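Some notes on the structure that comes next.
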Amino acid sequence: MYSRRKFIKVSAAGASLAALSSSAIARSTLIKPAANYPIVISTWDFGVAANQEAWKTLGNGGRALDAVEAGVKIPEADMNNHSVGRAGYPDRDGHVTLDACIMDELGNCGAVAGIEYIAHPISVARLVMEKTPHVMLVGEGATQFAVEQGFKKEKLLTPESEKAWKEWLKTAKYSPVINFENKQHIPGNQYNHDTIGMLAIDAKGNISGACTTSGMAFKLHGRVGDSPIIGAGLYVDNEIGGATSTGVGEEVIRNVGSFLVVELMRQGLSPEDACKEAVRRIIKKKPDTAKEIQVGFLAINKKGEYGAFAIQKGFSFAVCNAEKQDLIIPGKSFY
Ligand code: ASP
């Protein structure tokens, strides 16, 4: 039973708590709201065009989820981009298999891995999130679902991709190349490769992210990297921020990279320091492998502060906000 004494104690505590929270509310009205959003950031220099597409939604007060989906569809549709979407390089056996995932401010997420014949895996991932009780569909099941949802089934292997694959078959040496992504100025070259990871905060302060790729060029058939895996290639927690990754997916998966970056931000690290610590752990676990490969993380926190860090030099990211729509920032790195 509640004694009178206890009651007085509790109500006094309640009253002081109420006083505290009303003074906190009064104080918070004096604090200028964060003006760092809407904002959208994405991996690599080619993120500029994708960000600008996302900005059409964000700049008009639209939802971050819609913005990131629309944004990453730009490289997915780009015929000169040989590792995202339609023109992605095939796997070792000549199949173009695509990976993508998406996550919204409510913690909803969807993914497809190893999907074939569908040019916009990010939109399929979104429908997995919105129309099924599942998070991830793979291979034939993912393609079947996409067709049922009205996506066009088409041959994705372009003549250029086929030529590059046949050239590669002559030696068939599988070795991940550092900063594949920024070598896209070499036309038709097998290094013409990229993964786009995008994070956006809309005018309401809600965060969403998307990640899409064809993964490592000429990978083993069935290989899935980090990009479609929630927590590895992408993670969003609307209370804290979001993170995404690019580079050798195996190392990111081993360290649950994007989730780790978000958790480090939760502990108080800045986006850049959180990315740096996640990269440091990858290097620490496999110092010799790390010298040969690239992994980069990109992150944004709830205030709209962003940062990145990579193993090797050469990583970059693109930022778009009300002030500037075509910013490219070189990522810091250990080597
Ligand atoms: N992270 C991608 C993967 O491992 C590839 C990349 O970003 O280059 O599939």
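The values are calculated or read from the model by the stated rules, or taken from the named source; none is laboratory data. In this text the structure is predicted, and so the values were computed from the model without any measurement. Here Cβ is always computed from backbone atoms with ideal geometry, including for glycine, and neighbour counts include all displayed protein chains. What goes into the accessible areas is simple: the full protein's heavy atoms, side chains included, and nothing from ligands, DNA or RNA. Shrake-Rupley method; radii C 1.70, N 1.55, O 1.52, S 1.80 Å.
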Scan region 213-228 and give yes if some residue there is in a strand (DSSP E or B) and within 10 Å of the ligand (Cβ to nearest atom), otherwise no. yes
I'd like to know if region 84-94 contains one or more residues that are of a type in the set (D, E, K, R), free of Cβ contacts under 8 Å to residues at least 60 places away in the same chain and away from the ligand (no atom under 16 Å from the Cβ). no
Of the residues in region 229-239, those that are more than 8 Å from the chain's Cα centre (by Cα) and within 11 Å of the ligand (Cβ to nearest atom) number 2
The residue from Arg254, Arg280, Arg266 that alone is within 15 Å of the ligand (Cβ to nearest atom), surrounded by fewer than 20 Cβ atoms within 10 Å (Cβ to Cβ) and not acidic (Asp, Glu) is Arg254
Among the numbered conditions (1) at pLDDT 95 or above; (2) surrounded by 13 or more Cβ atoms within 10 Å (Cβ to Cβ), tell me where Ala164 comes up short. (1)
So Ile122 clears everything in (1) crowded, with 21+ Cβ neighbours inside 10 Å; (2) free of Cβ contacts under 8 Å to residues at least 24 places away in the same chain except one condition, right? Which one? (2)
All positions within region 234-250 that are part of a strand (DSSP E or B), β-branched (Val, Ile, Thr) and touching a helix residue (DSSP H, G or I) at 6+ places or on another chain (Cβ under 7 Å): Thr244, Thr246
Would you mind finding the one in Leu137, Leu127 that is closer than 15 Å to Gly225 by Cα, open to solvent by less than 60 Å² (accessible area, probe 1.4 Å) and without any contact (Cβ under 8 Å) to a residue 40 or more places away in the chain? Leu137
Limited to region 115-152, what total is found for residues that are within 16 Å of the ligand (Cβ to nearest atom) and assigned to a strand (DSSP E or B)? 4
When you check Glu272 against the structure, is it in contact (Cβ under 8 Å) with a residue 60 or more places away in the chain, open to solvent by 50 Å² or more (accessible area, probe 1.4 Å) and part of a helix (DSSP H, G or I), yes or no? yes
Within region 179-192, does at least one residue satisfy the condition of being at pLDDT 70 or above, open to solvent by 70 Å² or more (accessible area, probe 1.4 Å) and out of contact with any helix residue (DSSP H, G or I) (no Cβ under 8 Å at 6 or more places or on another chain)? no
Can you pull out the residues in region 283-293 that are open to solvent by 70 Å² or more (accessible area, probe 1.4 Å) and either touching a residue at least 40 places away in the same chain (Cβ under 8 Å) or touching a Ser or Thr at 6+ places or on another chain (Cβ under 9 Å) (or both)? Lys291, Glu292
What number of residues in region 104-146 are touching an Asp or Glu at 6+ places or on another chain (Cβ under 9 Å) and aromatic (Phe, Trp, Tyr)? 1
For region 240-247, does any single residue satisfy the condition of being over 17 Å from the mean Cα position of the chain (by Cα), more than 26 Å from Pro90 (Cα to Cα) and away from the ligand (no atom under 16 Å from the Cβ)? no
So which residues in region 218-248 are open to solvent by 10 Å² or more (accessible area, probe 1.4 Å), touching a Pro at 6+ places or on another chain (Cβ under 9 Å) and among the aliphatic types (A, V, I, L, M), if there are any at all? Val248
Yes or no: Leu260 more than 15 Å from the ligand (Cβ to nearest atom), not in a loop (DSSP other than H, G, I, E, B) and not acidic (Asp, Glu)? yes
